[in-house]
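See below for the structure under consideration.
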Amino acid sequence: MDAQKTGRFIAFLRKQKCLTQTALADKLNISNRTVSKWEHGDGFPDITILPELAEALGVSVDELLKGEKSENAVVVTEIENKANIDNVFLITYVISLFIGAFSALLGGITEIYCIWAFEILFYTHWEIIFVATSLFSVILSGLIFSIGLTRLNVIYSREEIIRKTKKKLWLLSIILSVFPLTFLLRILNIFIPTFIVWIIAAASAVALAVVFYVIYQKKVRL
């Protein structure tokens, strides 16, 4: 065992945990001078305190004594980080999907009903409230999904992210397109026949899907 190497390793791990010598000492119920002594290589931690010290620094006792992390520990850490980031992305996706579905139901039903019931845009105050809520939900859903994509960028390449999230993006894009398209239908129906409006809406849906795909593939910074 190399006291100097172990001391440097303790100092490195302590700083990585954003701990001062005093903070680490308080965790172990010892003086900060003892921690300073270890880090300068003037001695090893007492055998009775090694397990507690290793736990506080996030390593094993063997790694602490050797003064370096084992390769297996690094691999395990990488796997854990990947699993955590995948979970964060999945959570953000489910949340964005739920909010997007809410906007599609609220906004879509509102606009379709208003097309059937009214000939004047924003005939009632509740239509304005529902439209504003749906628009806010669409924006919020997109922002939350973008946060999840940004987190994936920490461990995955751009190609891996595209491959991993392509189907999810398509589904979310379709859901988020429901309210804008029905709102467009509501406006156009005031000026032109409904059957023509439906043709325009279908063409717009296809165009919007293509735009989403192009932006996702080439323009969006992940």
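Of note:
- Neighbours by Cβ (under 6 Å, 6+ apart or cross-chain): first from segment 153-178, surrounded by 13 or more Cβ atoms within 10 Å (Cβ to Cβ); second β-branched (Val, Ile, Thr) and modelled with pLDDT of 75 or more: ILE155/ILE85; LEU176/VAL138
- Residue in segment 133-140 that is at pLDDT below 90 and in a helix (DSSP H, G or I) present: no
- Of everything in segment 46-71 that is acidic (Asp, Glu) and part of a helix (DSSP H, G or I), the residue that is surrounded by the fewest Cβ atoms within 10 Å (Cβ to Cβ) is GLU71.
- Residue count for segment 142-188, restricted to those that are closer than 21 Å to ILE99 by Cβ and among the β-branched types (Val, Ile, Thr): 8
The values are calculated or read from the model by the stated rules, or taken from the named source; none is laboratory data. All values reported here derive from a predicted model rather than from experimental measurement. For neighbour counting, all protein chains shown are included, and Cβ atoms are generated from backbone atoms with ideal geometry for every residue, glycine included.
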